[in-house]
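One structure is given here, and the rest of the page talks about it.
The values are calculated or read from the model by the stated rules, or taken from the named source; none is laboratory data. Nothing here was measured: the structure is a model prediction, and the numbers come from that model. As a convention, Cβ positions derive from the backbone with ideal geometry for all residues, glycine included, and neighbour counts pool all protein chains shown. These accessible areas exclude ligands, DNA and RNA; they are computed on the full protein's heavy atoms, side chains included. Shrake-Rupley method; radii C 1.70, N 1.55, O 1.52, S 1.80 Å.
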Amino acid sequence: MVDDMHSEITLFVNGKTTSLEVDNRRTLLDAVREDLGYTGPKKGCDHGQCGACTVMLNGRRIVSCLTLAVAAQDAEIVTIEGIAEGDALAPLQEAFVRLDSYQCGFCTPGQICSALAMLSEHAEGWPSAVTADVSPDAPTPELDAAEVRERLSGNLCRCGAYPSIVRATLEMAARKGISS
Ligand code: FES
Ligand code: FES
């Protein structure tokens, strides 16, 4: 029933469009997990502190627990389920497996979505809090381990797989020719 508290919305997730009725207060995380069945994004804290719910919205990483589903209407949303290439793992997924970049795996979908969007941000020249030169005409900062750690600091891993997460991300950056 559409009323002051409910809306009919269209979500475009992993290449598929779905219309659904939601409570206006429903988060994108709950809509994606419980209404659409994409359970890759995880509810770690539900208040924007752990990054486990990270998905990409129009190519940018967002915490879906702090995003209203109604605000994501018509945006292009990609969850971890939309990253693989058919039956083949995406290169960063493959690197996570090969380099042991997880233990329990709870944070992994968010780590991978965050890392992929971060590589795009870096390629566009976005500085981070540890970038030495942030003047407008500064060259794109080298993507070293310190930069990766800072840029992925919004994604917590309770298993402490950080060294391997950084290694896999740097390997991906090297493949793209953007690491130091
Ligand atoms: S569940 Fe969204 S940031 Fe923790
Ligand atoms: S692998 Fe367990 S929380 Fe990161």
remark   = With criteria (1) of a type in the set (D, E, K, R); (2) in contact (Cβ under 8 Å) with a residue 40 or more places away in the chain; (3) on the phi > 0 side of the Ramachandran plot, Arg25 comes up short on (3)
query = Pick from Pro136, Pro141, Pro127, Pro109: which is touching a Pro at 6+ places or on another chain (Cβ under 7 Å) and open to solvent by 70 Å² or more (accessible area, probe 1.4 Å)?
reply = Pro127
message = Show me the helices (runs of 4 or more DSSP H) found entirely inside region 72-180 where at least 1 residues are under 17 Å from the mean Cα position of the chain (by Cα), within 16 Å of ligand 1 (Cβ to nearest atom) and small (Gly, Ala, Ser).
response = 108-123
task = Select from region 44-71 the residues that are in contact (Cβ under 8 Å) with a residue 40 or more places away in the chain and in a loop (DSSP other than H, G, I, E, B) and write down the one among them that is most open to solvent (accessible area, probe 1.4 Å).
result = Gln49
task = With respect to Val22, determine if the residue is open to solvent by less than 30 Å² (accessible area, probe 1.4 Å), among the β-branched types (Val, Ile, Thr) and not in a helix (DSSP H, G or I).
result = yes
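Filter region 112-124 down to the residues that are open to solvent by 50 Å² or more (accessible area, probe 1.4 Å) and under 14 Å from Met172 (Cα atoms) and list them by number.
So the first thing to find is which residues in region 112-124 are open to solvent by 50 Å² or more (accessible area, probe 1.4 Å), and the list is 120, 123-124.
Matches in region 112-124: Ser120, Ala123.
Among the listed residues Leu116, Leu68, Leu57, Leu28, which satisfies the condition of being away from ligand 2 (no atom under 16 Å from the Cβ) and touching a strand residue (DSSP E or B) at 6+ places or on another chain (Cβ under 6 Å)?
On the way: Leu116 fails: touching a strand residue (DSSP E or B) at 6+ places or on another chain (Cβ under 6 Å); Leu68 fails: touching a strand residue (DSSP E or B) at 6+ places or on another chain (Cβ under 6 Å); Leu28 fails: touching a strand residue (DSSP E or B) at 6+ places or on another chain (Cβ under 6 Å).
Sole residue among the options that is away from ligand 2 (no atom under 16 Å from the Cβ) and touching a strand residue (DSSP E or B) at 6+ places or on another chain (Cβ under 6 Å): Leu57.
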Options Leu57, Leu89, Leu66: the member that is of a type in the set (A, V, I, L, M, F, W, C), at pLDDT 95 or above and within 17 Å of Thr169 (Cα to Cα) = Leu89
ask   = Do the conditions hold for Ile80, that is, is it under 30 Å from Arg25 (Cβ atoms), open to solvent by 30 Å² or more (accessible area, probe 1.4 Å) and out of contact with any strand residue (DSSP E or B) (no Cβ under 6 Å at 6 or more places or on another chain)?
value = no
message = I need every pair where a residue in region 153-166 that is more than 16 Å from Gln49 (Cα to Cα) and of a type in the set (S, T, N, Q) has its Cβ under 8 Å from the Cβ of a residue that is open to solvent by 20 Å² or more (accessible area, probe 1.4 Å) and within 9 Å of ligand 2 (Cβ to nearest atom), sequence separation at least 6 or different chains.
response = Ser164/Tyr102
remark   = Those residues of region 96-106 which are surrounded by fewer than 22 Cβ atoms within 10 Å (Cβ to Cβ) and either in contact with a helix residue (DSSP H, G or I) (Cβ under 9 Å, 6 or more places away or on another chain) or free of Cβ contacts under 8 Å to residues at least 24 places away in the same chain (or both) amount to Val97, Arg98, Leu99, Asp100, Tyr102, Gly105
request  = Scan region 27-59 for residues that are more than 6 Å from ligand 1 (Cβ to nearest atom) and in contact with a Gly (Cβ under 6 Å, 6 or more places away or on another chain) and report the count.
outcome  = 1
